[in-house]
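The values are calculated or read from the model by the stated rules, or taken from the named source; none is laboratory data. Just so you know, these numbers come straight off a predicted model, no measurement behind them. Note that we place each Cβ from the backbone using ideal geometry, even for glycine, and neighbour counts take in every protein chain shown. The accessibility values were calculated without ligands, DNA or RNA, using every heavy atom of the protein model including side chains. Shrake-Rupley method; radii C 1.70, N 1.55, O 1.52, S 1.80 Å.
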Amino acid sequence: MASEVERIRHLRALLTRANKAYYVDQSPIMSDPQFDRDLAELVALEAKHPELDDPASPTRRVGGEPIAGFITVAHALPMLSIDNTYDEHQVREWHLRVLKGLGTDGDLEVPLACEPKIDGLALSVTWKDGVLERAVTRGDGAKGDDVTHAARVIKAIPLRLGDGGGSGLPKGRFEVRGEVFLPLSEFERINAEREQADDDLFMNPRNAAAGTLKQLDPKLIASRKLGFFAHGRGVVDEEGPERGHWDFLARCRELGIPTNPLASRVSSIDDAIGAITTFDKARHSLDYATDGMVVRVDRFDQQASLGMTSKSPRWIIAYKYPAERKTTRLLEVHHQVGKTGKITPRAVMTPVLLAGTTVQHATLHNYGRIRDAATEQEATRTDIRIGDEVWVEKAGEIIPQVVGVTLAARPRDAKAIRPPHRCPECDGPVEVEPPEAWEDPSLETSRRCMNPECPAQVRERLIWFAGRKQMDIEGLGEKTIDQIIAHGGIPLRTFADIFRLRSHREQLLSIDRMGERKVDKLLAGIDAAKARGLSAVLSGMGIRHVGDTTARMLARCFASYEDLMKADERALRPKSLTKEEARSLGMPEEPSQRAETGLGKETAPAVHAYLHSVVGKRTFADLASVGVDLSSREHRPASAAAHVPNTVFAGKTVVLTGSLVSHEREPLSRLLESLGAKVSGSVSAKTSLVIAGESAGSKLAKALELGIEVWDEPRLLEALSTCGIPSR
Ligand SMILES: [Zn+2]
């Protein structure tokens with residue numbers, strides 16, 4: 001026992017240190033797998049010792065229940081916008097205005113701080129007495145959305161501040177403003193996933209970060225590894241010794257809050273311009289998108305005496321790098337067929353160096369965007385022909401795209417791009433999807449090969465199914481799939497065919513460079529994959545709108561394929577069910593607890609139609625016949641909600657705040673849940689009851705504002721005694 005308690009303390013300290021080393025000091029002290037192992041051990045130990053509950057434990061990073069919605073809160077200090085410019089000369093003019101404003105012509109020292117401008121989202125984060133209290137988006141600058149649930153799972157944002165080195169832990173509120181961003185590697189991973197699920201791609205990392213931050217489910221947010229850099233000071237109750245921005249950044253790092261390692265402090269405007277120029281060369285090799293350099297007067301006293309205009313501070317300016325655009329020649333257009341049959345035009349160009357990488361391929365989005373145009377101006381964007389001189393840019397500096405054409409330079413023999421009327425791979429029929437009612441009627445959205453046997457689709461589907469994030473079949477990669485298909489004698493068209501490969505061992509051995517060891521390893525990998533469960537199968541099937549996140553959500557709600565098939569279209573978006581309907585399906589009665597299947601009004605009918613289609617039913621039946629397990633690994637029975645105890649707490653959404661003498665918070669939460677309550681972390685219009693102990697703060701205020709019932713501790717004890725729980 002004692003040693004387990006020790007171990008919990010040790011692991012908490014170690015993992016907190018490891019996070020700081022990774023995010024603040026940029027020098028990791030342990031490997032990712034080791035971190036995950038230690039974290040898993042800590043989770044298990046904490047489950048055995050609920051009395052050691054600590055809201056700042058590193059295990060709290062994995063995400064709790066989804067929140068019901070967003071609350072808008074006012075910023076204590078407005079989050080102002082920054083003037084920006086694309087012109088170096090205007091940065092110098094800004095500096096002259098600064099010197100004039102300070103009443104100096106060079107005799108006063110005006111140090112400047114330069115920081116990369118991250119292409120992310122501004123966020124205000126507040127710690128109270130060192131503990132993370134609240135995070136709010138910039139919003140309109142005066143008020144933003146409370147996204148504390150998201151901040152709690154962003155590992156770069158400490159749940160509890162360190163001791164601040166020399167200056168100590170800040171008492172009261174300590175608010176920083178910073179930038180939340182999505183690392184480019186994560187952006188690419190998420191977009192690859194969305195592409196496979198046939199979802200719309202995020203245009204750039206900023207959109208993806210914004211989309212992530214506005215998710216209600218902390219688990220989904222935690223799964224996308226958002227980063228954070230602090231770059232400004234908000235409300236700070238206890239001033240530290242720092243006299244300027246540069247020192248403030250250092251203090252943030254001492255407290256465990258990451259700041260950008262490429263920031264610098266310079267003493268002249270020439271050096272600031274030098275920093276801007278140097279950084280433009282270096283920034284393309286970073287794992288996050290940047291679009292400029294922020295230059296500010298470093299000293300707080302000088303900032304204060306400069307003040308602000310009606311919309312932005314006078315002591316800060318952002319220089320923005322112009323998006324790099326190159327011209328090159330469009331040589332050819334490939335028509336690519338994806339696993340759901342979607343055909344996408346892809347440009348093949350003369351290679352050109354763009355924003356640090358050589359670019360040869362670019363997306364042309366869809367055929368609807370390539371067309372003759374009514375006006376010359378529009379034509380420079382849409383009337384693209386093979387042989388043309390085209391303009392390429394990187395969207396969010398990542399995905400190369402063709403953005404226009406030089407009409408004047410069009411060669412005589414330029415050829416129009418013809419959308420395929422037959423599938424370029426199988427010659428099957430192609431269907432054009434009409435635009436939605438509100439879209440330009442002349443714009444088609446996408447084109448699909450309607451032949452389900454299309455070999456291009458079959459190949460893409462098999463590759464996807466075997467992929468690491470789906471069925472994770474070891475040894476069955478793209479190359480192996482191509483080799484087996486090329487052999488010709490081994491049937492490999494359906495997912496179930498994969499599991500029948502064992503009966504073709506001899507033929508597999510006849511494939512070039514497929515030795516006994518390799519073949520047996522492949523077959524063992526295939527056998528192992530049979531047990532992955534419903535969510536892996538669902539995400540592997542490549543059903544439109546069902547990526548791995550949605551598949552996992554469905555598997556959480558339904559215990560098996562059979563249960564999933566019993567659900568009608570509305571049950572696939574359980575938020576819309578009545579309490580009675582939910583109970584009959586074994587789901588929680590409380591709609592907010594059912595929200596997480598995530599299927600929307602548009603997607604639920606499509607997914608339902610696929611599941612009940614002849615092809616869909618045959619595919620599942622085939623998989624079951626070859627021994628693939630179709631039961632859910634993630635199912636959470638709604639037992640507590642399905643058999644709601646008849647107590648005063650039944651069906652109530654309860655928020656605990658302040659400290660109670662009689663109960664620790666976490667055990668009390670579990671006790672209330674066992675009595676039929678849903679315990680939530682934040683107060684909203686959906687809260688039915690707030691239990692407020694000593695020194696309750698903002699949650700109590702919010703509850704009073706919304707007119708929600710509030711109980712003090714004696715009232716709670718009385719209610720508990722009516723449920724047969726004696727007070728201690
Ligand atoms: Zn086809």
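Structural remarks
- Dipole orientation for the chain: of the candidates 125, 449, 220, 449 has the Cα lying most toward the positive pole (charges on Cβ; Lys, Arg +1; Asp, Glu -1).
- Given 342/469; 566/652; 281/394; 155/320; 394/415; 100/311, the pairs whose alpha carbons are separated by over 23 Å: 566/652; 155/320; 394/415
- Stretch in the chain that is longest and holds no GluC sites (Glu not before Pro) that DSSP places in a loop and that have at most 11 other beta carbons within 10 Å: 240-435
- Backbone HN-Hα couplings from phi across the range 267-274 [Karplus 6.51/-1.76/1.60, Hz, Gly and Pro as x]: 10, 9, 5, 4, 5, 5, 4, x
- Debye-formula intensities of the range 644-722, expressed as log10 I(q)/I(0) at q = 0.17, 0.23 Å⁻¹, are -0.58, -1.10 (one equal scatterer per alpha-carbon, no solvent).
- Taking θ as phi - 60° and the Karplus parameters 6.51, -1.76 and 1.60, the scalar couplings of the range 330-344 work out to 7, 8, 6, 10, 8, 9, 8, 9, x, 6, 9, x, 5, 9, 10 Hz in sequence order, x denoting glycine and proline.
- For the range 307-342, trypsin sites (Lys or Arg not before Pro) are listed when DSSP marks them as loop and at most 10 other Cβ atoms sit within 10 Å of their Cβ; the list is 311.
- Averaged per residue, the range 126-244 has 39 square angstrom of accessible surface, using a 1.4 angstrom probe with ligands and nucleic acids left out.
- Using Cβ point charges alone (K and R +1, D and E -1), the dipole size of the range 644-722 about the Cα centre works out to roughly 300 debye.
- Nonlocal amide H pairs with residue 133, under 5 Å, H built at 1.01 Å: 126, 127, 128
- Nonlocal amide H pairs with residue 711, under 5 Å, H built at 1.01 Å: 690, 691, 692
- Backbone amide hydrogens, once placed in the peptide plane, bring residue 244 within less than 5 Å of 300, excluding anything fewer than 5 places away on its chain.
- Among the trypsin sites (Lys or Arg not before Pro) in the range 102-198, those placed in a DSSP loop whose Cβ has at most 15 other Cβ atoms within 10 Å are 171.
- The range 349-428 and the range 482-510 have Cα centres spaced 39 Å apart.
- Dipole-positive endmost among 157, 300, 263 within the range 84-320 (Cβ charges, Cα centre): 157
- For the range 325-449, the fraction of alpha-carbon pairs lying more than 21 Å apart is 42 percent, rounded to a whole number.
- When the solvent-accessible area of the chain is split by element, carbon and sulfur atoms take up 51 percent of it, the probe being 1.4 Å.
- Mean separation of Cα contacts under 8 Å, 6 or more apart, over the residue count of the chain: relative contact order %: 10
- Gap separating the Cα centres of the range 229-285 and the range 24-57, nearest whole Å: 30
- Charging the Cβ of each Asp and Glu at -1 and of each Lys and Arg at +1, and nothing else, the dipole of the chain about its Cα centre rounds to 980 debye.
- Spatially, the range 648-664 and the range 70-144 are offset by 40 Å when compared through their Cα centroids.
- Rounded to the nearest 500, the 222 nm mean residue ellipticity of the chain from helices alone is -10000 deg cm²/dmol, with -39,500 (n - 2.57) taken per DSSP H run of at least 4 residues.
- Three-way shape label, the chain, alpha-carbon gyration tensor, a/c 1.5: oblate
- Ligands, DNA and RNA are left out, and with a 1.4 angstrom probe the accessible area of the range 2-62 is 56 Å² per residue.
- Contact order normalised by residue count of the range 389-535, Cα under 8 Å, 6+ apart, percent: 13
- In sequence order, calculated HN-Hα J values of the range 696-701 (Karplus, 6.51, -1.76, 1.60; Hz; x Gly/Pro): 6, x, 5, 5, 5, 4
- Per residue, the range 455-529 exposes an accessible area of 51 Å² to a 1.4 Å probe, with every protein chain left in place.
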